[in-house]
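Peer 1: A single structure is presented below for examination.
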Amino acid sequence: MSYPENSILVLVDVDPAGNAASSTAALIGAAAAVGSPVALVVGGAQAAVDAAAAAGASVVLTAQGDDAALTVPIVDALQAAAEKVRPDAVLISNSITGRDVAGRFAVRTKSALSADAIGVSRDEEGIVAHHSVYGGAYLVDSAPTYGAAVITVRQGAVDARAEAVAAPVVEALEVAPSGAIAAKAGAVEAVEVASSRPDLRGATRVVSGGRGLASKEKFALVEELADALGAAVGASRAAVDAGYIPQSHQVGQTGVSVSPQLYVALGISGAIQHRAGMQTSKTIVAINKDAEAPIFDVADFGIVGDLFTIVPQIIAALEARKK
Ligand code: FAD
C-alpha cells in the first residue's frame, strides 16, 4: 500500500500485558499536528492496535514482538516500518524502552536524534522538535539537516489530541530479524503493584515532597494529598536520600521528568536540578515556609507557611467537596 507523503511514524509503547501505554494519545496527537500519523505496534494485543486507531492513527502497522530479546526486535520492526513508510519524522516516547529504541534506531539508520522534546512543529524545511533545557531556563529547537528526525517526546508534555479515525487500515508488517546482538531476559517475574495511584511518568497530577517533610513517617502526608487529588507521588532527591521514599519517585535531573497538568511541591526548595524535571508542568503549586525559596519563581500559585498546618486543611477541603 502507499502511505501519505507527510507520514509521521509513531512507535506505540506496549506494556508487558500487551496494552498501549498512556503516552500513545499524545504521541499520535503530536504527529497529527504535523502530518499523517502511522502507528507501529510491536508485540501488542488487539487492544493496543485499537488504542492507536482510537488515538487517531490512520494506519496501524503490527509486528511480532519477542519478550526475551530486549529492544532489538522493536528496532528491527521500526526499521522495516520506516523503510516502507518513508516518514518525515519518527516519534517515540521518552520512556526507558523508547530512549533505548530511539538511540539504537538512529545509529542504525544514521538518523539525527532529538531527545526529550516537549513538542513538535513543521516549518518549510521539515519537522522541528522543541526542548526545554537547563532546568527549563531555555527553550531550544532542533531539526536534522538531512533525513527524518527521530524524536523522543517527554511523557505528559503534549496536550494535542487527534480525532479517532473511522476505518483505520491495519497492516501486518514483515520484519526480517537483523541478527543484531540483543540482551536477553533470562527470567521475567511479574511484580504486583499494590498501589492504586497513577504512575509518575505520564501522570496528569503529581504531588511531590521534599526534605521539608522531615521524616519517612511524616512523608505520608504527601501520599494523603496525592490520594485526595488522584495524583502520583514524587519527591526531591533530598527526600529520596533521606530514605523517605524510593528513588523511583525522584523528580529532576537525575530522576524522572514530568509534565503534568498539576504539580504540587511540598517542602521543596526548588533547586535547579529539581526544576529540570518539573518546570514544564502546566500549573505549579508550591507550599514552603521560606518566602524566598526558588520554587516560588516557577510556581503559578504559592502558599508561604508550614505545610503541616496547610496540607491537612487542603485534604479536608478536598474530601468535603467529594461528599
Ligand atoms: P531543601 O533544599 O533542603 O529544601 C527543603 C525546603 O523545605 C526548604 O525550602 C524549606 O524552607 C522547606 N521546609 C522545611 N520545613 C517546612 C515546613 N514545615 N513547611 C513548609 N516548608 C518547609 N534534586 C532533585 O530534587 N532531583 C534531582 O534529580 C536532583 N539531581 C541532582 C543532580 C546533581 C548532579 C546534583 C548536584 C544535585 C541534584 N539534586 C537533585 C539535588 C538538588 O541540588 C537539591 O539538593 C535538592 O533538590 C533539594 O531537595 P529539597 O528541596 O527537598 O531540600
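The values are calculated or read from the model by the stated rules, or taken from the named source; none is laboratory data. Please read these numbers as outputs of a predicted model, since none were measured by experiment. Backbone-built Cβ (ideal geometry, glycine too); neighbour counts: all protein chains shown. Keep in mind that these areas ignore ligands, DNA and RNA; they rest on the heavy atoms of the full protein, side chains included. Shrake-Rupley method; radii C 1.70, N 1.55, O 1.52, S 1.80 Å.
Peer 1: Where does the charge balance sit around G29 when Lys and Arg score +1, Asp and Glu -1, over other residues with C-beta under 9 Å from its C-beta?
Peer 2: 0
Peer 1: Still on this structure, I have one more. Return the lysines within reach of K289: Cα separation strictly under 17 angstrom, same-chain partners fewer than 8 residues apart disregarded; answer none if there are no such residues.
Peer 2: In chain and number order, the partners are K218.
Peer 1: If N is the number of residues in the chain, what value comes out of its Cα radius of gyration divided by 2.2 N^0.38 Å?
Peer 2: Normalised Cα radius of gyration, the chain: 1.06.
Peer 1: With a 1.4 Å probe and all protein chains in place, put M1, M278 in order of accessible area, largest first.
Peer 2: Heavy-atom accessible area, descending, gives M1, M278.
Peer 1: A further question follows. Please compute the modelled spin-label separation between F301 and Q313, points set 7 Å along Cα→Cβ, answer in nm with one decimal.
Peer 2: Distance between label points: 1.3 nm.
Peer 1: Then there's this: What figure in square angstrom, to the nearest 10, would you give for the accessible area of H130 with a 1.4 Å probe?
Peer 2: 50
Peer 1: Can you tell me what share of the DSSP beta bridges in the chain is antiparallel? A percent to the nearest 5 is fine.
Peer 2: 20
Peer 1: Could you state the accessible area per residue of region 192-290 in Å², with a 1.4 Å probe and every protein chain left in place?
Peer 2: Result: 43 Å² per residue.
Peer 1: Report, largest value first, the span of the C-alpha coordinates of region 28-169 along each principal axis, in whole Å.
Peer 2: 41, 34, 27 Å, listed from the longest principal axis down.
Peer 1: Can I ask one more? So, for region 1-128, what is the accessible surface per residue at a probe of 1.4 Å, expressed in square angstrom?
Peer 2: Each residue of region 1-128 exposes 39 Å² on average to a 1.4 Å probe.
Peer 1: Hey, another quick one. Please report the accessible area of Y138 (heavy atoms, 1.4 Å probe, ligands and nucleic acids excluded) in Å², nearest 10.
Peer 2: Using a 1.4 Å probe on the heavy atoms, I get roughly 140 Å².
Peer 1: Quick one: how many Å² of D227 are accessible to a 1.4 Å probe, rounded to 10?
Peer 2: 80
Peer 1: For region 142-152, just list the computed ³J(HN,Hα) in residue order, Karplus coefficients 6.51, -1.76 and 1.60, θ = phi - 60°, integers in Hz, with x standing in for Gly and Pro.
Peer 2: 9, 8, x, 7, 8, x, 7, 6, 9, 10, 8
Peer 1: Considering only protein heavy atoms and a probe of 1.4 Å, how much of the accessible area of the chain is carbon and sulfur, as a whole percent?
Peer 2: 52
Peer 1: How would E174, E223 line up by accessible area, probe 1.4 Å, largest first?
Peer 2: Order by accessible area, largest first: E174, E223.
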